[in-house]
Amino acid sequence: MIRNYLISSWRALLRNRLEAVINIVGLAAGISAAILIYLYVSSENSYDTHHKDGDRIYRINSVLELDGQVDRVARNSLRSVVELHEDYPEIQDYCRVFDIGKQSIWYGSKMFSERNICFADSSYFTFFTYDFISGDEHCLDEPMQIAISEEVAVKYFGDAESAIGKQLKFTLKAYQVSAVFKSSEKETHIPYTFIISMSSLNRGFYQQAMGDYFRMMCFDYIKLAPGAEVAQLESKLDTFYNKRIGPWIEQNQVNGHLSYSLQPLSDIHLNNSWNYDYSGNGNAQYLQIFSIIGIFLLVVAAINYMNLSTARSSKRAREIGARMVAGASRPQLIFQFYAEAFINVLLALLLAIGLVEMLFPVFNGLTDKHFGYRELIQPEVLSGLAFLVVCMTLISGSYPAFYLSSVRPIEALKMQGNRNAHLSGWKKWFGPANLRRSLVVLQFSIAAGLIVSTLVVYGQLEYMRNKDLGFNQEGVVAITVPGDSSTQGRLKTLRDELMKQPGVKGVASTSSIPGGQFGKLYFVVTLNGQRTNKLLGFSFIDDEFIPLMNMKLEGRNFDRARTSDSLSSFIINEACARFLGWEDPIGNILENGFGMRGRIIGVVKDFHYASLHNPIEPMVFMHQPNNASNLLVRLESENVANSYDQVMNKWKELVPNHPQESYFLEDFIRKNYIKEGKMLQVFGYFTVLAVLISCLGLLGLASFSTEQRTKEIGIRKVLGASAGNIVMRLTGEFLLLVILASLLALPVTAWFLKRWLEGFAYALDMSFVPFVLSAMSAVVIAALTVSLLAWRAALSNPVKALRYE
Amino acid sequence: MITLQSISKVYRTEDIETLALNEISMEVKKGEFVAIMGPSGCGKSTLLNLIGMLDSPGSGSYLFDGKEVSGYGEKERAKLRKASIGFVFQSFNLIDELTVFENIELPLIYMRMSASERRQKVEEVMQRLHIAHRAKHFPQQLSGGQQQRVAVCRAIVIEPKLILADEPTGNLDSRNGEEVMRLLGQLNEEGATVVMVTHSQEHALRAQRIVHLLDGQVISEEFTSNFPSQKLTLG
């Protein structure tokens, strides 16, 4: 019997090629998009699930409260976790990871500027699971030891095997390679490729840091003892505060509070609600959005199948009637429809797998992943695909299976040619024509929703890219200045030499690059006669910085000639003045955490130092012309590329023994919006796909409808209807459905988009324009799709049409 | 074999109610060949569908082989239908995607007969109706007469107690129509009970008895020369 079903299904497929192509290609497109999204989502959800004992590892995040100012940070002090380990037997072990940012590293004549470097406790490799090529998990037990990744070993030493024992030189110290580990094939939030033993840290620095609970410099991880309950431990942390931190706060006269929150290891990648966390972390919200899009695409594709199947139902009625008369029972007919749906879904799946293979390079580029065929043959993916086939078969085959098989044989035999006329009562309401209409509305609601979302995401991205940041970033090159004393000591010479280069308009120095992150520091201010601590953003700049960046300043700028400006002067931004409640801040006294006390000499108009995801924060500038980690060089707008080459050639000449690192400020700022840019691309691709699949379905329905109405078209033409009249008649119903779909989708989408925009500190004002545009484009696309067939039918010879019937 | 007592059938739509059969009573004996005649819309096909259990009566009693079947649900009707009744339609109702062989085989599949047994029966019936040379052809590749011959094959392959034919010659030219009538006559002679709806007086005369319908009622019944008997007029 199954053979009989398969034969008739296969032959039906061949006989109705257009419908088969629409069904299978549409389904394949939907499934391939869903597979890609599934791979991405499961990869993002798999972060740090591979570490041995990973379910017992937590990161300690801190909530600092200082004079009512709350800061939630992913980092902690060097000190606290050591004491927590002493106080609580529930904590089996701890590991502190101190990220030291960008460093220059030398080996022989090779030199590179590197990131992903940290100091870590010797327990590092018992917390995070890596395979070793050489060395073992005790590789950080001794001072001056460094463990490196395989790629780093090959980069510096040519191969991984000979790396052990060799010295990598940093600016101040050299470390001996004690282990080479394989980069994890599994996903992890830990980015480090250079791990230096914590015992190598400068003793003085270490001792000083160990004396402070508020110096948030490390990522602190703890491993719970087997059987220990995290909730129980969290409930005891108040006791720790009272016993350890409280007395310290009192002793150091800090008006603040500190509490801890334990975050599971596998939760870190997607939960990026903590400040100063790893920048490469994922975004749970985007993951949800992509998952929804994946489901939408599958639904849209499944709708095509259901729609075309029900449309074909009247054409197939004779077959069903004949089968019933020949003795087919209802379960047998249901089984037959499911078998047909199964064949379609299976063919679509095979095509989808081919599509996915083809799309991997593009998708990997978009998502920074390395997906390949290996991911597709993972047991969980294969079982997922099997589940998908079952679900899609059930979804797409259910309506034809249950509706058509429920019709009595005599109804089935009478059904030919007419749609709902033979039906009465509930069957008419839930009959195939109304179901098709509802599904088209649902399909185009999704398409219209995705179109408007793409437009709004694009609008927001453009808004962020083009918003006036309060400074001029165009034509500014940032050069990283090595931290060694010989380079820092020549800062003035370097600046003067660069100024002499043709095409250079100005040179300034700063400790933090606009558009990036800036440090925060405690300041003491006297407000209402009371000394209070405030955590404020800060940057060390020289006197050229403010004019070079075209910032607007009230009061006066720093003056290199006045030595007092480096010792006792501050410039703040308007947000800082507002935050401190100063209406006329110039002349007011400020004291920083380093003990420097001075007056406010100027107020800079608010500007966006950080990305537009964050509100403008209070910021303090301090004058430090002889010490800088970055130089900013403004180039003339003419011949920028040429000027840039000349500047960098000169820099190489001036600082030959350090790796060069430079970039345009505009590019640097644009990187802040990479996630949104990629989301836009993904949205764009999937929107186009959803619209295409929907149109494919509409094309199928229009083809069916035109075929059904051939006789009507003939009669109308004989009675004098013009081609335009016929086209209007044929397309009108579909267009009404698409308009209805837009009307239903847009308010719902507007609500979701409003919520998404609320996540930005600075967002565009959502206008009705993208909504009107999206509704119009949905209608125009649908009209074009349907009218293609309608025109063909309208221009056909009416006699032919009548003879056809 | 078939006894109908006061059978009525009403079709309702939102606006109108149509009385298709009005208290019809009739009997068909085993081995009989009965033709049903009447103008369009008189209820001929409705009556045939009720007899064939493709539809259920609104009221009245229907005894099939001595069993009351008027209260049967679709499931029970389908069970009885596939075991006992063969259908031949005006529009053939063959499945376009299946070959001649597969179309004829279909009822046997639903009876869960083994493949070898099915093959034997289908080949037998195809030989008998001279369509075996077309076994691998699809319905669209056949003439109307050949298609109807396939439909007849499909109807008789289960060796039904009753063959119901709804205007079996309506879509055929006279030569092919004659051929189909010859087949039905032959089947009847071999013992099958045949009930046929037709517009053709000539074809009706091939039956043993003709039942005339008008407005959903039996208005007269006559025995033809094939069943030597005196003519009866009922009202």
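Bear in mind these aren't lab numbers, they're just calculated from the coordinates by the rules spelled out. On a predicted model such as this, the values are computed, not experimentally measured, just so you know. Counting neighbours? That spans all protein chains shown, and the Cβs are built from the backbone with ideal geometry, glycine included.
Data table
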read-out	value
Most to least packed among A:230-240, A:333-343 [average Cβ atoms within 10 Å]	A:333-343, A:230-240
Cut-off under 5 Å, modelled amide H: who pairs with residue A:93 long-range	A:223
Sites matching GluC sites (Glu not before Pro) across the stretch A:480-584 that sit in DSSP coil, with at most 11 neighbouring C-beta atoms within 10 Å	A:583
Simple label model, 7 Å out from Cα along Cβ direction - residue A:242 to residue B:132, nm	10.2 nm
Of A:620, B:168, A:686, farthest towards positive along the dipole that unit charges on Lys, Arg, Asp, Glu beta carbons give the protein assembly as shown	B:168
At R0 = 41 Å, FRET efficiency that the Cβ-Cβ distance of residue A:754 and residue B:112 yields, to 0.05	0.10
Long-range HN-HN contacts of residue A:636 with modeled amide H, under 5 Å	A:504, A:505
Helical mean residue ellipticity (222 nm; -39500 (n - 2.57) per DSSP H run of 4+; nearest 500) of chain A	-16500 deg cm²/dmol
Loop GluC sites (Glu not before Pro), the stretch B:114-204 (other Cβ atoms within 10 Å of the site Cβ: 11 or fewer; DSSP)	B:190
The stretch A:1-133, dipole about Cα centre (Lys/Arg Cβ +1, Asp/Glu Cβ -1), debye to the nearest 20	1300 debye
Peptide-level mean, for B:47-57, of C-beta atoms on other protein chains within 10 Å	2
Computed FRET value (nearest 0.05) for residue A:434 with residue B:178, which takes r as the C-beta separation and R₀ as 35 Å	0.15
Total charge dipole magnitude, the stretch A:677-805, about the Cα centre, Cβ charges on Lys, Arg, Asp, Glu only, Debye to nearest 20	420 debye
The stretch A:661-787 pair-distance distribution - Cα-Cα, 5 Å bins, rounded %	2, 8, 13, 16, 14, 11, 9, 8, 6, 5, 3, 2, 1, 1, 0, 0
Chain B - Debye-derived log10 I(q)/I(0), Cα point model, q = 0.12, 0.14 Å⁻¹	-0.67, -0.91
DSSP-loop trypsin sites (Lys or Arg not before Pro) across the stretch B:18-114, with at most 14 other Cβ within 10 angstrom	B:29, B:30, B:112
Label point distance in nm, residue B:215-residue A:208, each placed 7 Å from Cα along Cα→Cβ	11.5 nm
DSSP H segments from chain A that extend 18 Å or more along their own axis, Cα-based, with Kyte-Doolittle mean of 1.0 or above	A:17-45, A:330-367, A:379-399, A:674-708, A:723-757, A:769-794
Percentage relative contact order, the stretch A:564-625, counting C-alpha pairs under 8 Å, at least six apart	48 percent
Averaged over B:110-121, number of beta-carbon atoms from partner chains that fall within 10 Å	1
Shape parameters for chain A, alpha-carbon atoms, Rg then Dmax in Å	33.8, 105
Sites residue A:14 and residue B:22 - FRET efficiency at Förster radius 56 Å, r taken between beta-carbons, to 0.05	0.70
Averaged over A:2-15, number of beta-carbon atoms from partner chains that fall within 10 Å	3
Rg to Rh quotient for the stretch B:44-180, alpha carbon positions, Kirkwood Rh	0.99
Amide H contacts of residue B:90 (H built 1.01 Å from N, under 5 Å, at least 5 apart or other chain)	B:166
Order by protection proxy (mean Cβ within 10 Å, highest first), peptides A:199-212, A:764-777, A:285-298, A:29-42	A:29-42, A:285-298, A:764-777, A:199-212
Rough spin-label spacing in nm, given labels placed 7 Å along Cα→Cβ, for residue B:202 and residue B:119	4.2 nm
Total charge dipole magnitude, the stretch B:1-104, about the Cα centre, Cβ charges on Lys, Arg, Asp, Glu only, Debye to nearest 20	380 debye
Length added when fully stretched, residue A:381-residue A:583, from 0.36 nm per residue minus Cα-Cα	66.5 nm
